[in-house]
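Colleague: Quick one: the structure is below, and I'll ask about it shortly.
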């Protein structure tokens, strides 16, 4: 607060001159008060830089859940750019944060409900996570469920085969109505052979290069003597249904329609982190592959 003190009497002036001077002072003080009020109003109308963009608390909570509270800025929701974090949440579904870029590989949740259940997450939490991209491994429901819903709700772009994009658009219409649209990029053409179309995806550049091609959903290959078999015999815990009794299905059905014939059409992705030499494959089926050093000759950062 500022106070204006009256100045000393002006020497050598008449009473009328002094009256005019006092009137001018009162006018100046009144004008100054309006000036201060205007300045305060202007300051209130200009957002503080730290609050220029409101970050939903649900985004911060979802990212802290998937990526660890120690890796998420609790004011901005940004994820640590020095880490590569993959959080598994069903079958081949992963929430990923690579160089701070958040995306999903598949979107299916096993035994999904409107509240966290056997898998401690929900479709709404995947929306709150705010992924910028969803990479579909193939079109069956245990991979592609929920993808269209998430993409429409938060603007994420879906990547997959042309057949997958047909299903994603059908899913959006089923859930949101005839005028709904979903952003889906077809990485391969309809009916193309596996491996015949190799694409580089720029959505995560300049931080991550992604290379894709159509893969084989499943199929036998001759045994490789350099890579002995490692047979796994998973045993289901008989206590599952007691510890996690099935809940009612979600109020909104966000499962894929599966139209377009893309169920068994599979995609292979190779994620390469800039300036690290680190690459990670993304494949969702038992198609033939070799466990050997990965290189991505198509990447151009």
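Colleague: Residues in segment 265-274: is at least one in contact with a helix residue (DSSP H, G or I) (Cβ under 6 Å, 6 or more places away or on another chain) and either outside any loop (DSSP other than H, G, I, E, B) or within 23 Å of residue 148 (Cα to Cα) (or both)?
Modeller: Yes, segment 265-274 contains at least one residue that is in contact with a helix residue (DSSP H, G or I) (Cβ under 6 Å, 6 or more places away or on another chain) and either outside any loop (DSSP other than H, G, I, E, B) or within 23 Å of residue 148 (Cα to Cα) (or both).
Colleague: So, residue 188, is that one in a loop (DSSP other than H, G, I, E, B), touching a residue at least 12 places away in the same chain (Cβ under 8 Å) and either touching a strand residue (DSSP E or B) at 6+ places or on another chain (Cβ under 6 Å) or under 29 Å from residue 100 (Cβ atoms) (or both) or not?
Modeller: Yes; evaluated as a whole, the condition is true for this residue.
Colleague: Now, a different point. Looking at 262, 277, 258, which one is at positive phi and modelled with pLDDT of 90 or more?
Modeller: After ruling out the rest, the residue left standing is 258.
Colleague: Moving on. I'd like the full set of residues that are in a loop (DSSP other than H, G, I, E, B) and over 16 Å from the mean Cα position of the chain (by Cα), limited to segment 59-77.
Modeller: 74, 75
Colleague: Residue by residue through segment 191-213, note down the ones that are within 30 Å of residue 81 (Cβ to Cβ) and assigned to a loop (DSSP other than H, G, I, E, B).
Modeller: Once the filter is applied, which keeps residues that are within 30 Å of residue 81 (Cβ to Cβ) and assigned to a loop (DSSP other than H, G, I, E, B), segment 191-213 yields 198, 202, 203, 204, 205, 206, 207.
Colleague: On the basis of being at pLDDT below 90, under 30 Å from residue 167 (Cα atoms), outside any loop (DSSP other than H, G, I, E, B) and under 29 Å from the mean Cα position of the chain (by Cα), does residue 246 make the cut?
Modeller: No; evaluated as a whole, the condition is false for this residue.
Colleague: Considering only segment 236-250, state which residues are in contact (Cβ under 8 Å) with a residue 12 or more places away in the chain and surrounded by 10 or more Cβ atoms within 10 Å (Cβ to Cβ).
Modeller: Within segment 236-250, 240, 244, 246, 247, 249, 250 qualify.
Colleague: Shifting gears a bit: Could you look through segment 78-92, keep only residues that are under 14 Å from the mean Cα position of the chain (by Cα) and assigned to a strand (DSSP E or B), and pick out the one that is surrounded by the most Cβ atoms within 10 Å (Cβ to Cβ)?
Modeller: Applying the filter and picking the extreme gives 79.
The values are calculated or read from the model by the stated rules, or taken from the named source; none is laboratory data. Every value quoted in this text rests on a predicted model; they were computed, and no experiment measured them. Positions of Cβ are backbone-derived with ideal geometry, glycine not excepted, and every protein chain shown enters the neighbour counts.
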